[in-house]
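S.K.: Structure below; questions to follow.
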Protein chains: 4
Amino acid sequence: MYNYKRIILGLVYRDKGELWLVKVSIVGATGYTGAELVRFLARHPEVELVALTSQSYVGESFVDVYPSLGKYTDLLCAEQDIPKLAAESDVIFTALPHGLSMEVVAEAARAGKKVIDLGADFRLDDAGVYEEWYKVRHTNPELLPEAVYGLPEINREKIRRARIIGNPGCYPTSVTLGLAPLLKSGLIKTDTIIIDSKSGVSGAGRTLNLGAHYAECNENIKAYNIGTHRHLPEIEQELGKLAGGRLTVSFTPHLTPMTRGILSTIYASLDRPLSQEEATALYREFYGNEPFVRVLSAEQLPQTKWVAGSNYCDVAVTVDPRTYRVVVTSAIDNLVKGASGQAIQNMNIMCGLPEKTGLDYPGLYP
Amino acid sequence: MYNYKRIILGLVYRDKGELWLVKVSIVGATGYTGAELVRFLARHPEVELVALTSQSYVGESFVDVYPSLGKYTDLLCAEQDIPKLAAESDVIFTALPHGLSMEVVAEAARAGKKVIDLGADFRLDDAGVYEEWYKVRHTNPELLPEAVYGLPEINREKIRRARIIGNPGCYPTSVTLGLAPLLKSGLIKTDTIIIDSKSGVSGAGRTLNLGAHYAECNENIKAYNIGTHRHLPEIEQELGKLAGGRLTVSFTPHLTPMTRGILSTIYASLDRPLSQEEATALYREFYGNEPFVRVLSAEQLPQTKWVAGSNYCDVAVTVDPRTYRVVVTSAIDNLVKGASGQAIQNMNIMCGLPEKTGLDYPGLYP
Amino acid sequence: MYNYKRIILGLVYRDKGELWLVKVSIVGATGYTGAELVRFLARHPEVELVALTSQSYVGESFVDVYPSLGKYTDLLCAEQDIPKLAAESDVIFTALPHGLSMEVVAEAARAGKKVIDLGADFRLDDAGVYEEWYKVRHTNPELLPEAVYGLPEINREKIRRARIIGNPGCYPTSVTLGLAPLLKSGLIKTDTIIIDSKSGVSGAGRTLNLGAHYAECNENIKAYNIGTHRHLPEIEQELGKLAGGRLTVSFTPHLTPMTRGILSTIYASLDRPLSQEEATALYREFYGNEPFVRVLSAEQLPQTKWVAGSNYCDVAVTVDPRTYRVVVTSAIDNLVKGASGQAIQNMNIMCGLPEKTGLDYPGLYP
Amino acid sequence: MYNYKRIILGLVYRDKGELWLVKVSIVGATGYTGAELVRFLARHPEVELVALTSQSYVGESFVDVYPSLGKYTDLLCAEQDIPKLAAESDVIFTALPHGLSMEVVAEAARAGKKVIDLGADFRLDDAGVYEEWYKVRHTNPELLPEAVYGLPEINREKIRRARIIGNPGCYPTSVTLGLAPLLKSGLIKTDTIIIDSKSGVSGAGRTLNLGAHYAECNENIKAYNIGTHRHLPEIEQELGKLAGGRLTVSFTPHLTPMTRGILSTIYASLDRPLSQEEATALYREFYGNEPFVRVLSAEQLPQTKWVAGSNYCDVAVTVDPRTYRVVVTSAIDNLVKGASGQAIQNMNIMCGLPEKTGLDYPGLYP
């Protein structure tokens, strides 16, 4: 079953019984995206977890922090000692707040390791744009040209050869996968794109803040950061590449009373006539072989719960003949395809493993 | 405190001790909008509830159906005997599925009673449009010209003189209040309006269906009826009146995991430059004296929970200088301002009572 | 309508137009129980809110902290200046964490004001018990003898004459009202009482903590502090008084995924035979005239949502003939009958107002 | 990795490429427990799904009914043709309402197939007790003696040899695993057992009913069927076997606002002194080698979310020295360890497969 080539792309696999395993460390493992990495990697048949670092829980058993993972790892939370991690690991995931990954990534990359950064520090091509939106100086702009934006459906070949991955943000993942077929085919007016996204609360992470306090966000929906969310330049960068030119979009994120999931509803005016059948066919063809994209018909629109806990992106395109607009709906689990699952998908590609390895689970429904 | 004139607009008030009370019946009282009417009317200082009809619970105590209202009414659920209701009542509320109100309203109006229909049968001016979207023949189109669309902020004077009120739909209420200031002032391009609405599950009523099953909609968000929802012609009719001409909009409703609330996020391109300050000032002026509209600043966007259980519509307008668009967010409780609260507001106006009577409650937060 | 005597119990009412109003201050108004006090008191026909203090929001508009209360108060958040508050107020509510009320209450009481403390500092008769369970020294034990435990259904007459009220905890309210009829009538074996309570998350207050983080407690139930919760000595003290002797109970609180509500399920062995009819009749008689207790039949067990937002306690008693046990279920809104509503009920009693004034609302259902 | 013996226990495995797979059919696959079976079995490395039957969806693609399972099965919903199923299958799961499995199980067993019934028809040893509690005549009482109660932690050896499994109910699973160590060791007074269980709504299945309507059960907790729930005789039967004699318990189920999960809080008086350390050690020893039971310490009580989507039962025992009682808390996912996961665990045992095969997933947290 696991008969693919094991010595690949310069990674040195070590012997552990009869299996060669990829040694993996996670920097910032006790946040939600870190814990999701552990959830998948602890069962990944080609991976050995060697270190999990934490700021707040050094010395504690990881399972005491996340008892849901009891029986799946014996690791203790370790300090963030990058040289040590680099010495022990083939691949390092960084799951840190923006601004904190830059140096870690640089150090790990200098040590010759593959690094996948789940934060924002290596997503934007232009350090100036990063600094403008994130209000932090980028200390390692020289690495940006080689960092690859880790959206496999678009950049698979670049990811295969990459040393540094800027793992996409959750909103940009749902939006870019939602619009790619239309943008690539030039069917929509790029100045009419309006993106209305609804996110579960886990997208705000595990750090305490009033906006994620149960009593404040249960039974409640609000828009926030209208036209000013930090994922906006990332969205425009990636959509622009697909469209072959700069574009400006409206993007409104919403906080909704669920733990996991993003649904993006995306509106654009058609540039030329398109039937419903043609539209769905376009998507089906574009994503035909993708392991983690499911194109639904317009009769069966995506629901976040259908992808909960899974690495799938479900997408449907609806043509509205009354308004000559298309309405795309795209659903992901923000912590999986929007973060940790996609990061592992990238790792699989970088390590020459079958892309679905360790990620091949359906959504948890109901 | 209650020193306003009691004999008004042709209503005959009866003596009940020292107070003159408006006698009120509710047809279809055991659905959610019916129960909300009871919740407010049972405490309304100028109202006496005389009859509550039901299909499924005839003969049972209303409080056995809604124990939350224990100590607030002794009425039993009655059969739907319109002549009897008309004889006993000054005002009749009909809270029935579409298609079932037409005859009831006609009969009650013929008996000289004021009728407020919470369904869709008297909202659309054109019987043909009604029949096209609701797939039901309108049996009383002759009454449509006199039926008034019961949105007090727009039609207060007509409501005052009305005999039949078509009480607005929940989505149309949130959308019309959200856009009225911009449309009235001609500041937006009317062919660019895109409405993305998020509704709680109670909007689907109490009738059982898989889409409202807890396990199906908890932790789940989906769009539905993209560009085909029955509230669409109602929205376009009312927005068109405000804009002074026909218009076509994109409207996407979403089902979200909360019981009460609608948040509408509305996008439109500006027709001429407008600053954030001007935009907010426009809304503040437009709604300055309104008892049930609160204009928030763009720094404090509406949240559905701030209006939960109340008759308020909270609205904010955000100018996005990057895209030359405005983004309006508008929050209501779908069962109150989106249905029963608004119906009572209409009743107050029709009966010459102070508009806030019996409705003057803040939202339940948290 | 408001024709009861206005100069009562030594309170000096001031003239404000034709009405005499009770002047009220809230110390710690920006927590959830503080905001609930404002929600009710801002509409209380006999009350004028004169000051709202806060630690974190001094100088800000209260409505900016709780926009749900927009149009209901113009007050700014004030510093905690007790002499000033005492000079301006007839009644002072303290809604502070335990340990912080003692001095405030003492100072206000010394100034001759009525004080209702929503915290734990004046609930326990014995300072030693307080200090053992709360790990804080009680600085004003001399006031404990005059402080009245503010459960109106049990202590109404004492409350009427009280200067200091220790407002009951949320769990003890649901438990004491649930068991009072059985204990008073001596029908159960007092050493067999087991209390299993389920609380919404708002009971933990607005202070940030991981246990109240949305993603941690949504879709999740857990027991906590088994046999060690701080409400335990309060429960045993009050149940003991009803039983006429010391008793020891098992008490297990649970955190459940809802914002508001406590359901207590209480088990006890019968001391002598009791039929279902007798049991329900006992409760109906005991609570016959109570404005805020509704005794349900065993066929219609209490649901927390039936009392949401209201001051009601719904209670039912079920006799289980298989085990010779009774099972009592008792539902309250933890922020209303479990805190702020009950505090206002106490205020009404202390001020000679009709007990339901400003509190006469049904639950928000659905 | 899968090097265990493949020809076992009389099952005839068929060749499919290099693997021999167990052919499995599910009768009643479109309910929640049916869909959970598909979720696990579609990825089970030793299983081939051959048929999924349905009442309502015959001829439709199973994935159209459960789009969350898209890419995991191509099967259409089939009619319930038992001879055909029996001919094609090695193992048949029946996931039908009580009363409907009896004949199906009998027919499949007669055809020499292994049958695992997720309903109640083969759980109770005594047909009379079944008929008393379920109000249905048992048509195949002659099969009851050979039917094995499928709780692997207790009955593993019997399951290994069984032809018919009565798969345990969700509540009884959580309760029996919670009490087994104490009952086996005779440490508690068996007439003092009180069980207070809290269940998510999916336990009521996918069939529409008002109690599972979102607006009715969201933000709501209630007890139901106090002392009369149909799982009660099952609980007493299994606890009695562990205790070595008849016993009578109090059992109160509660409906709580979450989709998945059961937390049972179980109280009992100690028969002799027991320290906290001894109690936890007892549980650790009892469940030491169990693949799907995790014994937590009393400092880290079970949470339903830690087991969501997984086959684990998390259990902790707390000794309360004040009352000489133990309080056991036990958490499962009602659809997994409480139904479909346990059924597959039974299948694994019956087929000689490693018990964790296809079930080895941690909970989905957050």
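The values are calculated or read from the model by the stated rules, or taken from the named source; none is laboratory data. It should be emphasised that the depicted structure is a prediction, and the values quoted were computed from it without experimental measurement. Methodologically, a virtual Cβ is constructed for each residue, glycine included, from the backbone with ideal geometry; neighbour enumeration extends over all protein chains shown.
S.K.: All but one of (1) within 24 Å of B:SER197 (Cβ to Cβ); (2) more than 13 Å from the chain's Cα centre (by Cα); (3) crowded, with 18+ Cβ neighbours inside 10 Å hold for B:LYS114, so report the exception by its number.
M.R.: In the conditions (1) within 24 Å of B:SER197 (Cβ to Cβ); (2) more than 13 Å from the chain's Cα centre (by Cα); (3) crowded, with 18+ Cβ neighbours inside 10 Å, B:LYS114 misses (1) alone.
S.K.: For the range A:58-73, give me each residue that is at negative phi and away from chain D (no Cβ under 14 Å).
M.R.: A:VAL58, the sole residue that qualifies.
S.K.: To continue, here is another question. Have a look at C:LEU177, C:LEU232 and point out the one that is in contact with a Phe, Trp or Tyr (Cβ under 7 Å, 6 or more places away or on another chain) and not acidic (Asp, Glu).
M.R.: C:LEU232
S.K.: Would a scan of the range A:223-239 turn up a residue that is at the interface with chain B (Cβ under 10 Å from one of its Cβ atoms), over 29 Å from C:GLU216 (Cα atoms) and among the hydrophobic types (A, V, I, L, M, F, W, C)?
M.R.: no
S.K.: Considering each residue of the range D:108-124, count those that are assigned to a loop (DSSP other than H, G, I, E, B) and in contact with a Phe, Trp or Tyr (Cβ under 8 Å, 6 or more places away or on another chain), and give that number.
M.R.: Summing the residues that are assigned to a loop (DSSP other than H, G, I, E, B) and in contact with a Phe, Trp or Tyr (Cβ under 8 Å, 6 or more places away or on another chain) in the range D:108-124 gives 5.
S.K.: State yes or no: is B:TYR171 aromatic (Phe, Trp, Tyr) and either away from chain A (no Cβ under 14 Å) or within 21 Å of the chain's Cα centre (by Cα) (or both)?
M.R.: yes
S.K.: In this structure, does C:ARG272 turn out to be under 15 Å from the mean Cα position of the chain (by Cα), not polar (S, T, N, Q) and not in a helix (DSSP H, G or I)?
M.R.: no
S.K.: Would you check if there is a residue in the range D:166-175 being over 30 Å from C:ARG260 (Cα atoms) and either surrounded by fewer than 24 Cβ atoms within 10 Å (Cβ to Cβ) or of a type in the set (Gly, Ala, Ser) (or both)?
M.R.: yes
S.K.: Read through the list (1) in contact (Cβ under 8 Å) with a residue 40 or more places away in the chain; (2) surrounded by fewer than 19 Cβ atoms within 10 Å (Cβ to Cβ), then give the number of the only condition that B:LYS135 fails.
M.R.: (1)
S.K.: Step by step: first the residues of the range C:254-282, then only those that are in contact with a Ser or Thr (Cβ under 9 Å, 6 or more places away or on another chain) and among the hydroxyl-bearing types (Ser, Thr, Tyr), then the one that is farthest from the other protein chains (Cβ to nearest Cβ). Which residue is that?
M.R.: Result: C:THR280.
Per-residue answers, yes or no, for (1) more than 21 Å from the chain's Cα centre (by Cα); (2) assigned by TED's automatic domain parsing to the domain that holds C:LEU179:
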position	(1), (2)
C:TYR267	yes, yes
C:GLU277	yes, yes
C:TYR283	no, yes
C:GLY288	no, yes
C:VAL295	no, yes
C:GLN303	no, yes
C:VAL326	yes, yes
C:THR329	no, yes
C:ILE344	no, no
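S.K.: Continuing with this model, one more query. Quick one: which residue in D:ASN334, D:ASN348 is part of a loop (DSSP other than H, G, I, E, B), under 18 Å from the mean Cα position of the chain (by Cα) and on the phi < 0 side of the Ramachandran plot?
M.R.: Of D:ASN334, D:ASN348, the one residue that is part of a loop (DSSP other than H, G, I, E, B), under 18 Å from the mean Cα position of the chain (by Cα) and on the phi < 0 side of the Ramachandran plot is D:ASN334.
S.K.: Could you tell me whether the range A:245-253 includes any residue that is without any contact (Cβ under 8 Å) to a residue 24 or more places away in the chain and surrounded by fewer than 24 Cβ atoms within 10 Å (Cβ to Cβ)?
M.R.: For the range A:245-253, residues without any contact (Cβ under 8 Å) to a residue 24 or more places away in the chain and surrounded by fewer than 24 Cβ atoms within 10 Å (Cβ to Cβ): present.
S.K.: Report whether or not D:ALA331 is buried (at least 24 other Cβ atoms within 10 Å of the Cβ), under 28 Å from D:LYS23 (Cα atoms) and not aromatic (Phe, Trp, Tyr).
M.R.: no
S.K.: Looking at (1) more than 9 Å from every other protein chain (Cβ to nearest Cβ); (2) in contact with a helix residue (DSSP H, G or I) (Cβ under 8 Å, 6 or more places away or on another chain); (3) hydrophobic (A, V, I, L, M, F, W, C); (4) not in a loop (DSSP other than H, G, I, E, B), which one does A:LEU359 not meet, given that it meets all the others?
M.R.: Of the numbered conditions (1) more than 9 Å from every other protein chain (Cβ to nearest Cβ); (2) in contact with a helix residue (DSSP H, G or I) (Cβ under 8 Å, 6 or more places away or on another chain); (3) hydrophobic (A, V, I, L, M, F, W, C); (4) not in a loop (DSSP other than H, G, I, E, B), the odd one out for A:LEU359 is (4).
S.K.: Sticking with this structure for a sec: For A:ILE266, work out the one condition from (1) crowded, with 22+ Cβ neighbours inside 10 Å; (2) assigned to a loop (DSSP other than H, G, I, E, B) it doesn't fulfil.
M.R.: (2)
S.K.: Sticking with this structure for a sec: Answer yes or no: is there a residue in the range C:319-333 that is in contact (Cβ under 8 Å) with a residue 12 or more places away in the chain and within 12 Å of chain B (Cβ to nearest Cβ).
M.R.: The answer is yes, given that some residue of the range C:319-333 is in contact (Cβ under 8 Å) with a residue 12 or more places away in the chain and within 12 Å of chain B (Cβ to nearest Cβ).
S.K.: Then there is this: Kindly provide the set of residues from the range A:32-74 that are of a type in the set (D, E, K, R) and under 22 Å from the mean Cα position of the chain (by Cα), ordered by number.
M.R.: Correct list: A:GLU36, A:ARG39, A:ARG43, A:GLU46, A:GLU48.
S.K.: Under the condition of being under 21 Å from A:LEU151 (Cα atoms), in a loop (DSSP other than H, G, I, E, B) and in contact with a helix residue (DSSP H, G or I) (Cβ under 7 Å, 6 or more places away or on another chain), which residue from the range A:297-318 is nearest to the other protein chains (Cβ to nearest Cβ)?
M.R.: The qualifying residue nearest to the other protein chains (Cβ to nearest Cβ) is A:GLY309.
S.K.: Next up: Name the helices (runs of 4 or more DSSP H) wholly within the range B:28-107 that hold at least 1 residues that are closer than 26 Å to B:GLY169 by Cα, among the small types (Gly, Ala, Ser) and in contact (Cβ under 8 Å) with a residue 60 or more places away in the chain?
M.R.: The helices (runs of 4 or more DSSP H) meeting that bar are B:32-41.
S.K.: Identify, by number, the condition in (1) free of Cβ contacts under 8 Å to residues at least 60 places away in the same chain; (2) at negative phi that C:GLY309 doesn't meet.
M.R.: (2)
S.K.: Step by step: first the residues of the range B:176-218, then only those that are within 14 Å of chain A (Cβ to nearest Cβ) and closer than 30 Å to B:VAL91 by Cα, then the one that is nearest to the chain's Cα centre (by Cα). Which residue is that?
M.R.: Ranking the qualifying residues of the range B:176-218, first place goes to B:GLY203.
S.K.: Can we say A:GLY150 is at pLDDT 95 or above, in contact with a helix residue (DSSP H, G or I) (Cβ under 8 Å, 6 or more places away or on another chain) and outside the structural domain of A:THR329 (by TED's automatic domain parsing)?
M.R.: In short, yes.
S.K.: Just to be sure I understand the filter: pairs with C-beta atoms under 8 Å, separated by 6 or more residues or on different chains, first member in the range B:184-199 and in the same structural domain as B:HIS254 (by TED's automatic domain parsing) and over 18 Å from A:SER250 (Cα atoms), second member modelled with pLDDT of 95 or more and among the aromatic types (Phe, Trp, Tyr). Which pairs pass?
M.R.: Filtered contacts from the range B:184-199: B:LYS184/B:PHE286; B:SER199/B:TYR171.
S.K.: Here is a follow-up. Only residues that are crowded, with 19+ Cβ neighbours inside 10 Å and of a type outside the set (S, T, N, Q): list them for the range C:51-64, please.
M.R.: C:ALA51, C:LEU52, C:PHE62, C:VAL63
S.K.: From the list C:THR173, C:THR190, which one is modelled with pLDDT of 95 or more, among the polar types (S, T, N, Q) and within 19 Å of C:GLN303 (Cα to Cα)? First the steps, then the outcome.
M.R.: Values: C:THR190 fails: within 19 Å of C:GLN303 (Cα to Cα).
Step by step, each of C:THR173, C:THR190 is checked, and only C:THR173 is modelled with pLDDT of 95 or more, among the polar types (S, T, N, Q) and within 19 Å of C:GLN303 (Cα to Cα).
S.K.: Looking at B:LYS114, B:LYS71, B:LYS135, B:LYS158, which one is charged (D, E, K, R), in contact with a helix residue (DSSP H, G or I) (Cβ under 6 Å, 6 or more places away or on another chain) and either outside the structural domain of B:ARG206 (by TED's automatic domain parsing) or modelled with pLDDT of 95 or more (or both)?
M.R.: Answer to the selection: B:LYS114.
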